[in-house]
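Novice: Handing you a structure now.
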Amino acid sequence: MMKGYQLSECKITNGETSRDCQIQVFINPDPEEKRYLIEDLKVDEHTLNSALDPDEISRLEFEPNHLAVIFKMPKSYSGNDQLLFRVASTGAFLFEDRLVIVVSEDVPLFEGKQFMRVTSLRSLFLRILNRSAYHFMEHLKIINMLTDEIEDKINESMENKYLINLFTLEKSLVYYLNAIHSNTVVIEKIKNSSSKIGFLTEESEFLDDILVENNQCFRQAEIYSNILAGLMDARVSIVSNNLNILMKTLTLITIGIMIPTLVVSIFSMNVKMPIPYDHPLAFWLIIATAIVSVISVISYFKFKRL
């Protein structure tokens, strides 16, 4: 699917004729759209396929008539992902008169205040790169909130599913760290080639800000990942300790039940007992003995602080 936009009066508006629009967004392009990109716009086929490959690393390439950049963005999260945050590749192809974006799924690319005043296609290209860092930061905040909620549940639960959720979040952070670092390398290459690309002074300064934002995003993800990995063993110990407490409680209950059962069983044996079976208080004496045995066991455990 293709969407067209125009850059008019520093604003991004929907275009009427998609093929003639300055900004073209291809969402999981079909064979005909791929043919248009390859044959008409001269986009390299391998680079185009890389923009749709989630495992592709970020990179920068200079083509004869355009600049091709493959960078990473967070993939939209759904409930079916089971707390696994994935990363998707995005292709940005900057021509002299147009900007082509290739994504694997429909995501909001031009939302936020930073897209309110866009002076040129180069500026829009940089803002999309900057939006990627903000998108990663938003997901990192969500991951941190989910981690706090799961930690509270682990403190009171013995189920493995909460630990599995934490392992999944830790795996997501590893993906994010790799993606953000890959974007940082590309942004540094763009910065070193800013004069070749034709960035103005203001755009070069904005590129420096993007690099700072991306580095801060990487450090934030690294902190979350280190905290999650470093405390994982402690959380496993908490679950094991909760299980030990439950087993101890069940053991105490079992002992508490077994002692009076033993007393009653002894007096139920078909042998001669100290108390005659026809004694009027025989039943109550046996019950009293069982109760005293329970109280003795409870007092012993309390004395030993078990």
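The values are calculated or read from the model by the stated rules, or taken from the named source; none is laboratory data. What you see is a predicted model; the values in this text were computed from it and never measured. Every residue, glycine among them, receives a Cβ derived from its backbone with ideal geometry; neighbour counts consider all protein chains shown.
Novice: Filter segment 109-155 down to the residues that are of a type in the set (F, W, Y) and not in a loop (DSSP other than H, G, I, E, B), then identify the one that is nearest to E170 (Cα to Cα).
Specialist: So the residue we want is F136.
Novice: Name the pairs whose Cβ atoms lie under 6 Å apart, with the first residue in segment 88-114 and free of Cβ contacts under 8 Å to residues at least 12 places away in the same chain, the second buried (at least 18 other Cβ atoms within 10 Å of the Cβ), and 6 or more positions between them or separate chains?
Specialist: Going by the 6 Å Cβ cut-off, there are no qualifying pairs.
Novice: Can you tell which of N215, N226 is within 23 Å of P74 (Cβ to Cβ) and surrounded by fewer than 12 Cβ atoms within 10 Å (Cβ to Cβ)?
Specialist: Exactly one of N215, N226 is within 23 Å of P74 (Cβ to Cβ) and surrounded by fewer than 12 Cβ atoms within 10 Å (Cβ to Cβ), namely N226.
Novice: Quick one: which of A133, A68 is over 19 Å from K34 (Cα atoms) and crowded, with 18+ Cβ neighbours inside 10 Å?
Specialist: None of the others qualify; the one that does is A133.
Novice: Okay, moving on. Has segment 154-161 got any residue that is surrounded by 17 or more Cβ atoms within 10 Å (Cβ to Cβ), over 14 Å from the mean Cα position of the chain (by Cα) and free of Cβ contacts under 8 Å to residues at least 40 places away in the same chain?
Specialist: no
Novice: Looking only at segment 189-199, filter to residues that are surrounded by 15 or more Cβ atoms within 10 Å (Cβ to Cβ) and without any contact (Cβ under 8 Å) to a residue 40 or more places away in the chain; which one of those is nearest to D55 (Cα to Cα)?
Specialist: K191
Novice: Right, next: Spot the failing condition for N49; the list is (1) surrounded by fewer than 19 Cβ atoms within 10 Å (Cβ to Cβ); (2) touching a Phe, Trp or Tyr at 6+ places or on another chain (Cβ under 9 Å), and only one is missed.
Specialist: Unmet for N49, out of (1) surrounded by fewer than 19 Cβ atoms within 10 Å (Cβ to Cβ); (2) touching a Phe, Trp or Tyr at 6+ places or on another chain (Cβ under 9 Å): (2).
Novice: Follow-up. I'm trying to understand the selection: among the residues of segment 34-44, which are within 30 Å of L177 (Cβ to Cβ) and surrounded by fewer than 20 Cβ atoms within 10 Å (Cβ to Cβ)?
Specialist: D44
Novice: Would you pick out the residues in segment 163-188 that are at pLDDT below 90, surrounded by fewer than 19 Cβ atoms within 10 Å (Cβ to Cβ) and of a type in the set (A, V, I, L, M, F, W, C)?
Specialist: Scanning segment 163-188 gives L163, I164, F167.
Novice: Can I12 be described as more than 17 Å from S104 (Cβ to Cβ), in the same structural domain as E105 (by TED's automatic domain parsing) and assigned to a strand (DSSP E or B)?
Specialist: yes
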